[in-house]
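The values are calculated or read from the model by the stated rules, or taken from the named source; none is laboratory data. Here the structure is a predicted model, which is why all the values come from computation and not from measurement. Neighbour counts run over all protein chains shown; Cβ positions are idealised from the backbone, glycine included.
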Amino acid sequence: MAEAQLQQFLEKVSQLNALVALSEADPTVRAALAACSSHHEVVNLARDFGFAIGRRWGEPDEPAWQTAGLVGGAPPPPGQELTTVLLSNDHLRLERIHSNQACSPAGFWYDQHEHEWVVLLQGSARLALEGEDLPRTLNRGDHLMIPAGTRHRVEATDPDPGTVWLALFWPGPS
């Protein structure tokens, strides 16, 4: 590990230790941590108390692809998604989807005739796939292949700054 990465790692451990010490000293902080239901909520709560624990050690301050405009930017209003088609032809469609506390309507399932591959560039999400007992949790960098005809729904996406997806679609079987 390079010295710079070692320093990032040690700083994150220091920030985590300080958050733990605060939670042991202040029951309200401990209760707030216990009420968190996702990693994203813990990271945001820690940020509210002045701790930076969200970035993985060795990760640059700003990912290289962020400068290309794929992540960041103002999120849509809570409960909504903003879809931008980046590339489209007869064989494929590439979309950037920015979600903000979005979920599929009650009882609604996507049932597409296209294959879909998604990767999360920012935030996290929970996706339910028909036939699976529990929703899948996806975090930044995670990807999922959804074959054509696989019914699925979005259970939850992160609040501001939201969840940013890249979704690639191509024709399924005829």
Regarding segment 76-84, can at least one residue be identified that is over 13 Å from Leu166 (Cα atoms), at pLDDT 90 or above and among the small types (Gly, Ala, Ser)? yes
When the residues of segment 85-105 are narrowed to those that are among the hydroxyl-bearing types (Ser, Thr, Tyr) and free of Cβ contacts under 8 Å to residues at least 60 places away in the same chain, which ends up farthest from His115 (Cα to Cα)? Ser104
Select from segment 134-174 the residues that are among the small types (Gly, Ala, Ser) and assigned to a strand (DSSP E or B) and write down the one among them that is nearest to His39 (Cα to Cα). Ala156
Return the residues of segment 1-58 that are modelled with pLDDT of 80 or more, of a type in the set (Ser, Thr, Tyr) and not in a helix (DSSP H, G or I); say none if nothing qualifies. Ser37
Neighbours by Cβ (under 8 Å, 6+ apart or cross-chain): first from segment 71-84, in contact (Cβ under 8 Å) with a residue 24 or more places away in the chain and of a type in the set (Asp, Glu); second surrounded by fewer than 11 Cβ atoms within 10 Å (Cβ to Cβ) and in a strand (DSSP E or B): none
What tally of residues in segment 67-109 results from selecting those that are buried (at least 16 other Cβ atoms within 10 Å of the Cβ) and among the hydroxyl-bearing types (Ser, Thr, Tyr)? 1
Among the residues of segment 112-140, which ones are out of contact with any His (no Cβ under 7 Å at 6 or more places or on another chain), of a type in the set (Gly, Ala, Ser) and more than 26 Å from Ser174 (Cβ to Cβ)? Ala125
The listed residue being crowded, with 19+ Cβ neighbours inside 10 Å and either modelled with pLDDT of 95 or more or among the aliphatic types (A, V, I, L, M) (or both), out of Glu116, Glu130, Glu155: Glu116
